[in-house]
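Below: the structure, in structure tokens.
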Amino acid sequence: MRRVLMVAYHFPPLAGSSGIQRTLRFVQQLPQQGWEPIVLTANPLAYDQTSEDLLAEVPAQTPVYRAWALNTSKHLAIAGRYMASMARPDRWVSWRLAAVPLGMHLIRKYRPELIWSTYPIATAHLIGARLTARSGIPWVADFRDPMAQHGYPADPETWRQFKQIETDAIRHAARSVFTTPGAADEYRRRYPEHANKITVIENGYDESSFSGAPSASSALAPGKFTLLHSGIVYPSERDPRPLFAALGRLKREGVMPADRWSIRFRASDNDEMLGELARKHDITDLITLLAPVRYREALGEMLAADGLLVMQGRGCNAQIPAKAYEYIRAGRPILGLADPAGDTAGLLRSAGVQTLAALEDEAAVEGALRQFSEQLRSGRTSRPSDTVARSHSREARTRELAALFGQIAG
């Protein structure tokens, strides 16, 4: 069995991030492809939220090492305030202090052939860069999404550090991996001299998790059509204002009355904002805000919903919400509110989703809602095919990663 040292902040028992799934499923499935993962992660003290539900899915034989780390906003703030430099490039920069020496110990102990680190916690790439510089072992930088973007991060010094980290990674990593074609193309334009080292391995869904998801014994809202958004609603990247304004008009017109419709937001992380918008547009009886649940329960809810809602702003055209792949596997009708020119809309179209509109275009959103609601009422909705869904499984993605490892390590 060949070995890879995997540096990942997002790992059980962390809760509240879909990024956990990418690393966890690679860790589960790489041994079937001939690679033994050695996991270097952070101690749970650093996590904002924890949950025990996914810990049982970490293979018992996988070595998992948790380096000391603090969360600046949680542990180093005084009266809620802290020096900005203590949270650059992110609030977990202290993780590097213990992770680098621990990583070198693991390299001496296990002699891995590769190092793999995964963003969006930028400190993970700082650790990966230091370990490859000290050991000479090839490094795979898993970016997933773009780092330094126009206007993000907003703080100029943090942006400068993000830019430096991404530049170092592109230059020194044996491969840089992104989850969408748009992100990979953007980085090939940014770094043309390293374009041949930039590749795509998309996110996906885990079939075993769906097989173990609870089946609904009744409708989510008996007597009503349910439209579900599962996951975080970002105020800018997934701006819900056009959607809520359109829902307000459709409710007043009787197209989507509250006695026939329920729009559910599961684990939005911004319930206060959504509640204020619901009150503003007089749709509090149409909107249901729900707390996070265990991962498989969330999948069971997707399987039981009448429709699934994707939201992605055009500022994130080179990104795809990880939930989109789970939606496709769920096989339920999907309403896509995403820029038709972006990668999210491209994925949905390839899966057979027909009802699409740009999230920022209020009139288009309203039209899409009218079309989708009529399709549900008449039973004429389209659903992603099983064949398309299988092509997005985590097993397929792990085979792609193992093949990449083999190309690098020989």
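Miscellaneous remarks
- Proximal charge balance of Gly136 [Cβ under 14 Å; K/R count +1, D/E count -1]: +3
- Under the shape rule built on the C-alpha gyration tensor, where the axes satisfy a ≥ b ≥ c, segment 100-256 is prolate, since a/c reaches at least 1.5 and a/b is greater than b/c.
- Centre-to-centre separation between the Cα atoms of segment 370-399 and those of segment 270-344: 15 Å.
- Per-residue HN-Hα couplings for segment 7-16 [Karplus 6.51, -1.76, 1.60; θ = phi - 60°; Hz; x = Gly/Pro]: 9, 8, 6, 7, 7, x, x, 4, 10, x
- For the chain, the longest principal axis of the alpha carbon atoms and the long axis of helix 19-29 meet at an angle near 60°.
- Per-residue ³J(HN,Hα) for segment 43-59, Karplus 6.51 cos²θ - 1.76 cosθ + 1.60, θ = phi - 60°, Hz, x for Gly and Pro: 5, x, 3, 7, 7, 5, 9, 10, 8, 8, 5, 8, 4, 5, 8, 6, x
- The separation of segment 102-118 from segment 56-73, counted between C-alpha centres, amounts to 15 Å.
- The H on the amide N of Val7, modeled in the peptide plane, is under 5 Å from the matching H of Leu40, Trp116, Ser117, Thr118, each at least 5 residues off or on a different chain.
- Leading residue at positive end of dipole, the chain (Cβ point charges), from Thr62, Ala245, Leu227: Thr62
- Nearest-0.05 FRET efficiency for Lys280 and Thr199, computed from C-beta distance (R0 51 Å): 0.70
- Compactness of the chain as Cα Rg over 2.2 N^0.38 Å, two decimals: 1.00
- Once the Cα atoms are used to define both axes, helix 241-252 deviates from the longest principal axis of the chain by about 20 degrees.
- Summarising the label geometry, the points placed 7 Å from Cα in the beta-carbon direction at Arg349 and Arg383 lie 2.5 nm from one another.
- Whole-Hz Karplus values for segment 265-272 come out as 10, 9, 6, 5, 6, 9, 4, 4 Hz, taken residue by residue from phi with 6.51 cos²θ - 1.76 cosθ + 1.60 and θ = phi - 60°; glycine and proline positions read x.
- Set the Cα radius of gyration of segment 315-410 against 2.2 N^0.38 Å, with N its number of residues, and you get 1.28.
- In the complete set of protein chains, residue-level accessible area for Glu362 is approximately 70 Å², probe 1.4 angstrom.
- Residue pairs, from the table Lys74/Lys109; Lys224/Lys323; Lys163/Lys197, whose Cα atoms sit over 28 Å apart: Lys74/Lys109
- Shape call, segment 1-100: gyration tensor on alpha carbons, a/c limit 1.5: prolate
- For a straight C-alpha distance cut-off of 13 angstrom, the aspartates and glutamates reachable from Lys280 (same-chain residues fewer than eight places away being disregarded) are Glu272.
- Shape category assigned to segment 56-163 from the gyration tensor of Cα positions, a/c cut at 1.5: prolate
- Solvent-accessible surface (1.4 angstrom probe) belonging to Arg314, in square angstrom, nearest 10: 120 Å²
- Built amide H within the under 5 Å cut-off of Ser94, gap 5+: Leu70
The values are calculated or read from the model by the stated rules, or taken from the named source; none is laboratory data. This one's a predicted model, so the numbers in the text were calculated from it and none came from an experiment. Virtual Cβ from ideal backbone geometry, glycine too; neighbours counted across all protein chains shown. With ligands, DNA and RNA removed, areas are computed over all heavy atoms of the protein, side chains included. Shrake-Rupley method; radii C 1.70, N 1.55, O 1.52, S 1.80 Å.
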